[in-house]
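Colleague: Let me begin by handing over the structure; questions about it come next.
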Amino acid sequence: MKSILFSGVVAAALLFSGCSSKDPKVEDDSGASAASSYSTTSSTPSSSSESVSGGLSEAELKAQLITRLEGELQTINFDFDKFNINAQNRSKVPANAGILKGEARGLTTKLEGNCDEWGSDEYNMALGLKRANEVKKALVAEGVDGSSITMVSYGENSPLCTEKTRECWAKNRRVDFKLLP
Amino acid sequence: MKFLLAFLFSVVTLFASDATIEIVKKVDSLPSLAIEDSSTVDDGTFRMKFFKMLSSDLNVLSIFNVEKRYATVSFDASSVLVENKDINYVLRYKIEDAIGGKYNIYVKMISKDEVVFSKKYELNSQKIFMFSAHAIAYDINEFMGEDSVEWIKRRVIFSKLVSAHNSQLVISDYTLSYQHVIVSGGFNVFPKWANKEQNAFYYTSLDGATPVLKHLDLKSSKITNIKAVDGMIICSDVSEDGSKLLLSMAPTGQPDVYEYDVKSKKYKQLTSFGGIDVNAQYMSDGKIAFVSDRMGNPNIFSLNPKTGSVEQMVYYGKNNSTCSTHGNYLVYKSRESSELFDQNTFNLHLMSTKTDAIRRLTAVGVNEFPRFSIDGDAIIFIKNYQTQSSIGVIRVHHNKNFLFPLAKGKIQSLDW
């Protein structure tokens, strides 16, 4: 008795090869428009010195601001299996809130919840999210506009370090602050 | 009288098939099996790969003592090799070249000098040779009258972490010998087969500003966005007919279980506790098992969706998270050691919902993400031990575990 079992699998394999790689989302091409505006200003030499120093596009300026502010915003760390903000990290909240209400006003804040490596399952993803949510609640209590905050949990999938040490695990149990234009 | 008979019958079947009772088959009471290779293909590497895979599959069946030695003989030789004359079963196979780069595989099983089983298989490409070996093992298992091992032929889908914020969605066989990357270049997690045919799957994309649940149709390569939601969205389970999904969602930062109707695209919130409710699984009695920390620590509960009543399912252990269900059985992950980071911190346990009896399935390492196979005969899971990430397969009724290591990367989640 013939057993033709594999044509389906091979056909599928051939199908798979047609879609084996998906590119991540493409960022907006504001860089291209910045280049064209730069070349336009440089063609008028009399005013070029002022235009070149201030020749960055709005998008580029925003990107620079975001990079600087993200460097100033402090990561909040958590105890094992916990999502409440402990005493050592509590002072970071008003400091971060100050930046978000000040220079970062108008930007969207993305809170990224993270866990250490002990479990990549749904419960851990939820724990990461509860951490982000506690931080959001604390920021709102400090006067930050809640509608400007989004949250995501990466569980254990976005580690800062991978050593199997308590110090590394403590580093990974965190909420990071990212800013979106 | 009828009631008494029915009651006695149910008691007998219960004890006959209760997988929570330790089943220890003595090794020397299993029949012996030896393999003889009669292949005529030139490629020695291919022949050896095939032999090793077939040998491994027959070993995983757990119904034979499989001889490890490799031997060759003519397919039409009238008797088995001298060294195999006392072996209970001899499996002889021949891989020969066929037209168009394909292969024919002839298989026969000899017992007491008689051919008791024979079959021909067609293999279209060397790349998928492992599926031939799996099919042969499946058929031999059926011939021997054992419980079906449908899972041995099915495909696993898993998310492999390549680096921070970067994962691949990969389809493989249960041994990881065949791997095909379906989606790469993004941060995609929690893949879940959308149907029994395994021609579509759901997954969560974490690339954008908010998480998005997506559906990928393998036949058309089409990707559909099901829902984008702040916080998290994960497809935890799919109903048997594929028409409903159990989701873990947290639109306001509050993780709860929702049910989604694929056709009507309507959502129904099933839990409302203020803590964490996730990882819901359909059960055969119409209830839903899920993980909740409503008692202070994560544990397994059951929800009756009709009445809304919730009952605790597991009364042992202080931290039970992740579960999978099949028939009357529940498998879950438990943190056992009181030391935060001890060697055997997470182990899998099997529980019968009828008897509440529990059996521990693993011993060392971080064992997580258990998933019952479609036939309930096996449990697949992720094992991370020291720096090695592996897929584990537990034969539920044979008290045996098998490990298949991943060469590079870490398995984040899987489904089969």
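None of the figures in this text is laboratory data; all of them are computed from the coordinates on show. Just so it is clear, the structure is predicted and the values come from calculations on it, not from any experiment. FYI the Cβ positions are ideal-geometry reconstructions off the backbone, even for glycines, and counts take in every protein chain you see.
Colleague: Is there a simple number for the mean count of other chain Cβ atoms within 10 Å of the Cβ of residues in B:230-236, and what is it? All intermediate terms of the calculation are to be shown ahead of the outcome.
Modeller: Working: counts 7, 14, 12, 1, 5, 0, 1.
Mean inter-chain Cβ contacts per residue within 10 Å come to 6.
Colleague: Counting pairs of Cα atoms in chain B, how many percent are more than 37 Å apart? Please list the in-between numbers first.
Modeller: Details: 25788 of 86320 pairs.
More than 37 Å apart: 30 percent of the Cα pairs in chain B.
Colleague: Could I ask something else about it? Full-extension gain between B:K219 and B:R294, please, as 0.36 nm times their residue separation minus the C-alpha to C-alpha distance.
Modeller: On the way: separation 75, 0.36 × 75 = 27.00 nm, distance 4.19 nm.
The span from B:K219 to B:R294 would gain 22.8 nm if fully extended.
Colleague: Next up: By counting other Cβ atoms within 10 Å of each Cβ, how are B:T325, A:T108, B:T345, B:T45 ranked from fewest to most?
Modeller: B:T45, A:T108, B:T345, B:T325
Colleague: I've got another one for you. Put a dot 7 Å past each Cα toward the Cβ at B:S74 and B:E96; how far apart are the dots in nm?
Modeller: 1.3
Colleague: Report, in degrees rounded to the nearest 10, the 0 to 90 angle that the Cα long axis of helix B:2-16 makes with the longest principal axis of chain B.
Modeller: Tilt relative to chain B: about 70 degrees.
Colleague: For a protection proxy built on the mean count of beta-carbon atoms within 10 angstrom, sort B:138-146, B:229-237, B:75-83 highest first, please. Intermediate results must be reported in sequence, preceding the final value.
Modeller: Numbers: B:138-146: 16.3, B:229-237: 24.6, B:75-83: 12.2.
Highest-to-lowest ranking by the protection proxy: B:229-237, B:138-146, B:75-83.
Colleague: How would you order B:292-298, B:264-270 from highest to lowest mean count of nearby Cβ atoms within 10 Å?
Modeller: Details: B:292-298: 18.1, B:264-270: 12.3.
So the order, starting with the most tightly packed, is B:292-298, B:264-270.
Colleague: Additional query: Which order, highest average first, do A:167-175, B:219-227 follow once you tally other Cβ atoms within 10 Å for each residue and take the mean per peptide? Don't skip to the answer; put the middle values down first.
Modeller: Values: A:167-175: 18.8, B:219-227: 13.1.
Top of the packing list down: A:167-175, B:219-227.
Colleague: Separate question: For the stretch B:289-341, what is the convex hull (Cα atoms) projected area averaged across all directions, in square nanometres? Kindly include the intermediate steps, with their values, before the conclusion.
Modeller: Numbers: hull surface 16.5 nm².
Mean orientational projected area (the stretch B:289-341, Cα hull): 4.1 nm².
Colleague: Hey, any idea what Rg/Rh is for the stretch B:19-146, computing Rh the Kirkwood way over Cα pairs? Each step should come with its number before you reach the end.
Modeller: Numbers: Rg = 14.8 Å, Rh = 15.2 Å.
Rg divided by Rh gives 0.98.
Colleague: At a Förster distance of 51 Å, what's the computed FRET efficiency of B:K318 paired with B:V116, Cβ-Cβ distance as r, to 0.05? Mind dumping the intermediate values first?
Modeller: Numbers: r = 52 Å, r/R0 = 1.03.
After rounding to 0.05, the efficiency reads 0.45.
Colleague: Full-extension gain between A:A141 and A:I66, please, as 0.36 nm times their residue separation minus the C-alpha to C-alpha distance.
Modeller: Working: separation 75, 0.36 × 75 = 27.00 nm, distance 2.33 nm.
Additional length available on full extension: 24.7 nm.
Colleague: For A:T108, put the label point 7 Å out on the Cα→Cβ axis and report which residues of the stretch A:145-181 keep their amide N under 12 Å from it.
Modeller: A:147-152, A:179-181
Colleague: Another question, then. Answer with one residue from B:S163, B:V314, B:N399: the one whose Cα lies farthest towards the positive end of the charge dipole of the stretch B:155-415, charges on Cβ with Lys, Arg +1 and Asp, Glu -1.
Modeller: My answer, from the dipole projection, is B:S163.
Colleague: Another one. When only alpha-carbon atoms are used, what values of Rg and Dmax, in angstrom, describe the stretch B:86-135?
Modeller: Reported Rg and Dmax, both Å: 12.5, 40.
Colleague: Compute the angle between helix B:44-60 and the longest alpha-carbon principal axis of chain B, please, reported from 0 to 90 degrees and rounded to the nearest 10.
Modeller: It works out to around 60 degrees.
Colleague: Right, next: Once label points are set 7 Å from the Cα along Cα→Cβ at both A:Q74 and B:K400, what is their separation, rounded to one decimal in nm?
Modeller: Placing both labels 7 Å along Cα→Cβ, they lie 5.7 nm apart.
Colleague: Follow-up. Can you give the mean number of other chain Cβ atoms that lie within 10 Å of the Cβ atoms in peptide B:187-195? Provide the component values of the computation, followed by the final result.
Modeller: Details: counts 4, 2, 5, 5, 0, 0, 0, 0, 0.
Going residue by residue through B:187-195 and averaging, the value is 2.
Colleague: For peptide A:149-162, what's the mean number of Cβ atoms from other chains within 10 Å of each residue's Cβ? Intermediate results must be reported in sequence, preceding the final value.
Modeller: Numbers: counts 2, 5, 8, 9, 8, 7, 6, 3, 12, 7, 3, 1, 0, 3.
The per-residue average across the peptide is 5.
Colleague: Compute the whole-percent fraction of alpha carbon pairs in the stretch B:351-410 spaced more than 14 Å apart.
Modeller: 58
Colleague: Now a separate question. With no solvent and one equal point scatterer placed on each C-alpha of the stretch A:86-181, evaluate the Debye formula and give log10 I(q)/I(0) for q = 0.12, 0.20 Å⁻¹, two decimals.
Modeller: -0.38, -0.95
Colleague: In deg cm²/dmol and to the nearest 500, what is the mean residue ellipticity at 222 nm of chain B if only DSSP H runs of at least 4 residues count, each as -39500 (n - 2.57), divided by the residue total? Please report the intermediate quantities before stating the final value.
Modeller: Numbers: 3 runs with 47 residues, N = 416.
Counting only the DSSP helices, I get -3500 deg cm²/dmol.
Colleague: Would you please give the FRET efficiency between B:A363 and B:T387, computed as 1/(1 + (r/R0)^6) with r the Cβ-Cβ distance and R0 = 22 Å, to the nearest 0.05? Walk me through the intermediate numbers first.
Modeller: Details: r = 19 Å, r/R0 = 0.85.
That pair, B:A363 with B:T387, gives E of 0.75.
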